[in-house]
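Read the structure below first, then the notes.
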Amino acid sequence: MKIEGKEYRTIWFQNNTVKIIDQTKLPHKFIIKDLKTVKEAVNAIKTMEVRGAPLIGATAAYGIVLSIIENNDQTFLQKSASDLISSRPTAINLKWAVDRMVKKLSGVNSEKILEIAINEAQKICEEDIKFCEKIGLNGLKIIENIYNKKKDTVNILTHCNAGWLATINWGTATSPVYHAHKKGIPVHIWADETRPRNQGANLTSYELNEEGIKNTIITDNTGGILMQRGQVDLCIVGTDRTLSNGDVCNKIGTYLKALAAKDNNVPFYVALPSSTIDWKTKNSKDIPIEERNSDELSKVEGIDEDGNIKKVQIYPNKSSALNLAFDVTPAKYITGLITEKGVCEASEKGLKNLFK
Ligand code: MRU
């Protein structure tokens, strides 16, 4: 997708260095950052310079590459793998990508290991792009159906950023939107601001603006009234972990949007590549929900009149705050899952039909 008219991916590998777009500086500054060590990769994931389930998976895969460049030794590789997996707890993609890399590299002799690791990390990225593109084509049919009935702009609400910035390209929730736009279907996006880190306002709106797609930022509490007023035709969100029973764990606040959608008969879809399916965990209560520093609530960041990025405190020091980063939307509130293999019911039967 484009930034200032130039095509980018969110991550690439060049001269033994991993290149990322530092998402903590967007939308105010576009900075490409170099990661040269596994520690830097872990740090980029923890501080959310890279974020979004598929992208942190890809970064972890490249983290394994960096660990081999640093120190081509099995003990160091195992330690790096475990540091990368634990850098953020909720998105299953981290473990999925690291396990895939480690499996691919087991038993490989030390002369060949780097080349094989680079190829596998690249394969993970290429696969993600292909899957996200297919998600777009499968989700496009849903938007097309609404447009064919309505014959007017399709209003889609999304939460957080499940856009191309959260993946390698295309995005998951935004991929059907990009495909609809390319096909000439008029679309307008309601972008939930997504407190406290404002991924909707800072990233979703930004990437849609760069692609020329109409969007409006709303506070996280506005979706309900828009649905009551008939101003939302469809919700599409992403996921960090999808259980085999169809329950979906995504950015905090997703659950409340699903409840409002149910109450107002608004279709609520979740878009996902198969790398975010957790086939093992059976009960959503067993999903580790990330709790981040309460500073993310009490301090807000923005740009001042001189163009400097500044943080200001909005709560008194004495106030305590709780910062849970994800919640679970039970399958019963989900109209369907949009995957690379097609759209299915959010249920064990639905998922197993597609992913035998
Ligand atoms: O905390 P973040 O910004 O990493 O959370 C991202 C989300 O919740 C996305 O919706 C999810 O990772 C899906 S990305 C295609």
(message) Assuming 0.36 nm per residue, please report the length gained on full extension of the stretch LYS6 to GLU115 beyond their Cα-Cα distance.
(response) 36.3 nm
(message) With +1 assigned to the C-beta of every Lys and Arg and -1 to the C-beta of every Asp and Glu, and no other charges, what is the dipole magnitude of the range 2-127 about the Cα centre in debye, to the nearest 20?
(response) 360 debye
(message) Please compute the modelled spin-label separation between THR153 and LYS39, points set 7 Å along Cα→Cβ, answer in nm with one decimal.
(response) 5.0 nm
(request) Add +1 for every Lys or Arg and -1 for every Asp or Glu among the other residues with Cβ under 15 Å from the Cβ of ASN308, and state the total. (result) 0
(request) Output the direction-averaged projected area (hull surface divided by four) of the convex hull of the alpha-carbon atoms of the range 260-356, in nm². (result) 10.3 nm²
(request) For the chain, give the share of DSSP beta bridges that are antiparallel, in percent and rounded to the nearest 5; count only bridges with both residues there. (result) 55 percent
(message) So for each of 303-316, 74-87 I average, over its residues, the number of other beta carbons within 10 Å; can you give me the resulting order with the highest mean first?
(response) 74-87, 303-316
(request) Take every Cα pair under 8 Å in the range 138-354 that's 6+ residues apart, average their separations, divide by the length, and report that relative contact order as a whole percent. (result) 20 percent
(request) List the extent of the Cα atoms of the chain along each of their three principal axes, largest first, rounded to whole Å. (result) 62, 54, 42
(request) Show me 99-106, 62-69, 118-125, 174-181 ranked by packing, highest mean number of other Cβ atoms within 10 Å first. (result) 174-181, 62-69, 118-125, 99-106
(message) Beyond a 26 Å Cα-Cα separation, which of these cross-linked pairs lie in this structure: LYS36/LYS103; LYS79/LYS104; LYS29/LYS214; LYS6/LYS183; LYS151/LYS183; LYS257/LYS310?
(response) LYS257/LYS310
(request) Show the residues, 5+ positions off or on another chain, whose built amide H is closer than 5 Å to the amide H of ILE31. (result) ASP22
(request) Could you pull out which residues in the range 224-242 have an amide N less than 19 Å from a spot 7 Å beyond the Cα of ILE289, following the Cα-Cβ vector? (result) 238-242
(request) Please give the calculated 222 nm ellipticity per residue for the chain, where each DSSP H segment of at least 4 residues contributes -39500 (n - 2.57) and the sum is spread over every residue; nearest 500 deg cm²/dmol? (result) -11500 deg cm²/dmol
(message) Can you tell me which aspartates and glutamates have their Cα less than 16 Å from the Cα of LYS311? Leave out same-chain residues fewer than eight positions away.
(response) ASP295, GLU296, GLU301
(message) Neighbour counts of other C-beta atoms within 10 Å: give me GLU345, GLU291 arranged from fewest to most.
(response) GLU291, GLU345
(request) Starting from the alpha-carbon convex hull of the range 173-293, give the projected area averaged over all orientations, in nm². (result) 8.3 nm²
(request) Pull up the cross-link candidates among the lysines for LYS356, meaning alpha carbon to alpha carbon under 19 Å and not fewer than 8 places away within one chain. (result) LYS134, LYS280, LYS282, LYS341
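Bear in mind that the values in this text are calculations on the coordinates, not laboratory data. Being a predicted model, the structure only gives us computed values, none of them experimental. In this analysis, Cβ positions are derived from the backbone assuming ideal geometry, glycine residues included, and neighbour counts consider all displayed protein chains.
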